[in-house]
Every structure is written in C-alpha cells, then in structure tokens.
1. Going residue by residue through segment 121-138, is there one that turns out to be within 14 Å of Ala276 (Cβ to Cβ) and part of a loop (DSSP other than H, G, I, E, B)?
2. Filter segment 135-150 down to residues that are out of contact with any Leu (no Cβ under 9 Å at 6 or more places or on another chain) and under 16 Å from Asn215 (Cα atoms) and give me whichever is surrounded by the fewest Cβ atoms within 10 Å (Cβ to Cβ).
3. Report, by residue number, each residue of segment 265-282 that is under 20 Å from Ser146 (Cβ atoms) and in contact with a helix residue (DSSP H, G or I) (Cβ under 6 Å, 6 or more places away or on another chain).
4. Hey, among the residues in segment 41-55 that are small (Gly, Ala, Ser) and touching a residue at least 12 places away in the same chain (Cβ under 8 Å), which one's surrounded by the most Cβ atoms within 10 Å (Cβ to Cβ)?
5. State whether one or more residues within segment 22-40 are closer than 18 Å to Gln213 by Cβ and in contact (Cβ under 8 Å) with a residue 40 or more places away in the chain.
6. Considering only segment 312-329, I want to know if a residue exists there that is polar (S, T, N, Q) and either within 21 Å of the chain's Cα centre (by Cα) or modelled with pLDDT under 80 (or both).
7. For segment 238-261, which positions are touching a residue at least 60 places away in the same chain (Cβ under 8 Å) and more than 25 Å from the chain's Cα centre (by Cα)?
8. Confirm whether Ile161 is under 29 Å from Trp287 (Cβ atoms) and in contact with a Ser or Thr (Cβ under 9 Å, 6 or more places away or on another chain).
Amino acid sequence: MLTENDYAQWLFNTPGLGSKGVYTLLDKGYSCEDIFKCPDKELRTLLTAKKADALIRHRQNWNFELERIKLEEKKVRFVSALDTDFPKKLKNIPDPPFGLYVRGKLPDENRPSVAIIGARMCSDYGRYMAREFGRNLSLAGVQIISGMARGIDGISQKAAIDAGGSSYGILGCGVNICYPDENRDVFDVICNEGGLISEYYPDMLPMSGLFPQRNRIISGLSDIVLVVEARQKSGTQITVDQALEQGKEVLAIPGRTTDRLSDGCNFLISQGAGIALNTQDVLDRLWGHHETSTSDQHEEEEILDPLEKEPEKTLEEEITDIIDIIPVSTSQIMEKLHQKEIDISIPMLMSNLMELTFKGVIIQDGVYYRKRYLPDAS
C-alpha cells in the first residue's frame with residue numbers, strides 16, 4: 001500500500017521542480033497523492049508547460065515498488081517534510097528542503113548540536129583544534145554536524161566518533177557515496193551512532209554546484225556554528241552567511257594575524273562573532289540558548305497558576321532542575337544554586353551528583369553532567 005511519503009518521494013524527484021516547486025504545489029491545497037493522480041489538463045494550469053510536461057513524463061516512468069527495493073538494498077530511507085521524523089529545525093529556515101535521504105539516524109532534537117566547519121587544506125593548528133573541539137564537545141553529549149569534507153570537517157567528525165559520540169554528515173552527493181575517499185574511515189562507521197543525510201538521490205555523484213546548497217542544512221540542523229580555521233574568502237563563509245540568515249549563533253577560533261588560514265576566523269570575530277577558546281566557551285553558549293528557549297515556558301506556567309504555591313523542593317530536586325540536556329560543569333551548578341540562595345559545599349554537591357548518577361537520573365560525561373534522556377515509550 002502506497003503512503004503519502006511514497007508519493008512525496010516521487011514528487012520531490014521530478015526533474016526541474018525542486019523543493020520550492022513542491023512547496024508551491026502543496027500550498028495550493030493539493031497532497032502529493034492528489035498531484036500524482038491529477039489529470040494532465042489540470043496539471044498544466046498549475047505549472048509552466050515545461051514543468052508540467054516533465055512531471056507527466058516522470059509520473060509515467062516512476063515505479064514505486066522498484067524505488068522501495070532500491071532504497072532498502074542501500075539501507076537508505078526517504079524522509080519528507082510531511083513525515084513526523086523530519087527535523088523540526090529545518091522546517092522554518094529560508095529555502096527549506098522538502099525531502100532528505102538518510103542512512104543511519106537523524107539528529108536527536110532533544111540534544112544540542114554544533115556544526116564544526118573550516119578549511120579543507122588546514123594547518124597543523126587547525127587539525128589539532130578540530131580534534132580537540134570534536135572530541136570534547138562529543139564527550140559533553142553534544143552532537144557534531146558537518147559536511148564530511150576533507151580537512152576540518154572530517155577531522156572533527158572522526159574525533160567525535162572516536163570519543164563514542166554522535167556525528168552527522170551532510171553530503172553534497174548520494175548518502176551511499178563516500179567523498180572524499182580519504183574520509184572512508186568516517187564514512188564506514190558514522191551510521192553506528194549518527195547518520196548520513198542528503199537531499200540528493202542515492203548514487204548521485206559529487207558535483208561542485210551541490211555543495212553550497214547543502215550548507216544551509218548543516219547550519220539549519222545546528223544550534224551553534226563553530227568555525228575552526230578558514231581563509232577570509234572560502235566556502236566556509238557560505239555556511240556562515242546561511243547560519244546568520246537562519247538566526248544561528250556563529251563562534252570562531254582565533255588564530256595568528258599573519259596566518260592566512262586564520263583570516264576568516266579573525267575577520268568573523270572582528271565583525272561580532274563569538275570567540276571560542278575552549279570547549280567550555282561553546283557549552284556556555286549552548287546553555288544560554290537553552291535558558292532563553294525555556295524561559296517563556298516558565299513564565300507561561302506562572303501566569304496560568306499565579307496563586308498556586310510550589311511545594312518545597314529537596315536538594316536533589318533543586319540540582320536536577322539545573323541539570324538539563326545541555327551539559328553543565330560543577331562550577332555552573334554551584335553558581336546556579338547560589339543564585340537560588342542555596343548554600344552547599346563542594347563535597348556535598350559531589351555526593352548528590354554521585355547519588356543522582358547512580359540512580360540513573362543524570363549522566364556524567366567527563367567533567368560535565370547532563371540529564372538522562374528517556375524517549376517517550378509511546
């Protein structure tokens with residue numbers, strides 16, 4: 001039995017239509033199935049003659065069963081914007097994709113994500129910083145998003161995977177194509193705890209024109225974009241521009257003013273980008289984003305029940321209120337407790353953290369703590 005997602009895949013692959021064309025048709029009140037079954041004459045009133053002819057030919061040549069078999073053989077699935085699994089972060093960006101081909105998993109939207117991007121021909125300094133941030137952010141429970149390109153992208157993603165974390169490669173080719181081949185070690189294992197994502201049909205070979213388009217998905221899936229090393233005029237700037245257009249925060253790692261590979265990062269900082277000297281700088285920004293996103297919810301709850309007095313909380317409850325899915329350090333927890341006028345010693349805090357970890361309420365990642373995410377059983 002065919003589903004709306006099957007029809008969505010057919011429509012998404014219509015030559016010359018693209019995501020914008022699909023959204024335009026759906027905005028007219030049609031479903032993907034409606035469009036597939038739409039009479040030729042009616043289609044010609046909805047599209048230009050060229051696009052209508054292309055859609056009609058495409059409809060005649062499309063084999064739903066064969067397409068399902070192809071994807072199953074390649075261990076790929078198609079997720080359309082109509083699917084509940086489609087990333088919410090991508091729905092409201094400028095020029096949102098209508099469909100994604102996925103091998104492995106999609107990013108967990110209940111966990112923070114950072115895009116790590118930079119130069120393909122990077123320096124030893126860039127390689128070192130990419131490994132450090134990829135590894136340490138991963139240990140703190142952050143998902144790493146990147147383009148799996150040569151250089152900074154692949155290095156940071158390999159470091160995240162080696163640390164036991166999750167990484168997601170956004171490709172400018174089919175998700176079953178490893179490009180460049182030097183990232184084969186990443187390509188072969190990334191789907192174990194992460195995934196490969198592309199707008200392009202499996203077997204699509206890499207072409208230079210496809211990579212700038214995929215960059216909006218890299219920034220779109222991320223909470224923060226971190227630039228490790230880049231020349232002032234480079235492909236990295238495309239991702240930065242798209243991140244800013246999407247309202248995402250951009251951080252950059254500074255470098256020597258005499259180093260041309262640091263020109264891009266130093267320029268971004270001079271233009272107001274945040275400075276990332278270490279992993280904690282990124283985690284602090286992630287924590288700030290999370291506080292901002294939840295503050296409106298807390299205010300609404302107070303307005304709904306203004307006379308209801310909250311019961312007194314235990315120390316463990318106060319601590320678990322502070323620890324969320326964004327990793328936090330012991331010093332941050334102490335600071336939050338002091339803001340609540342709760343006096344506690346370091347030994348007492350560590351004892352409570354150990355107890356909460358033992359109970360499975362929180363998870364310790366190195367020197368950071370985060371709340372254990374329990375997926376909805378439904």
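The values are calculated or read from the model by the stated rules, or taken from the named source; none is laboratory data. Predicted, not measured: the structure shown is a model, and the values here were computed from it. FYI the Cβ positions are ideal-geometry reconstructions off the backbone, even for glycines, and counts take in every protein chain you see.
1. No.
2. Of everything passing the filter in segment 135-150, Arg150 is surrounded by the fewest Cβ atoms within 10 Å (Cβ to Cβ).
3. Ala276, Thr279
4. Ranking the qualifying residues of segment 41-55, first place goes to Ala52.
5. Yes, some residue in segment 22-40 is closer than 18 Å to Gln213 by Cβ and in contact (Cβ under 8 Å) with a residue 40 or more places away in the chain.
6. no
7. Answer for segment 238-261, where residues must be touching a residue at least 60 places away in the same chain (Cβ under 8 Å) and more than 25 Å from the chain's Cα centre (by Cα): Gly255, Asp259, Leu261.
8. Judged against the criteria, Ile161 is a match.
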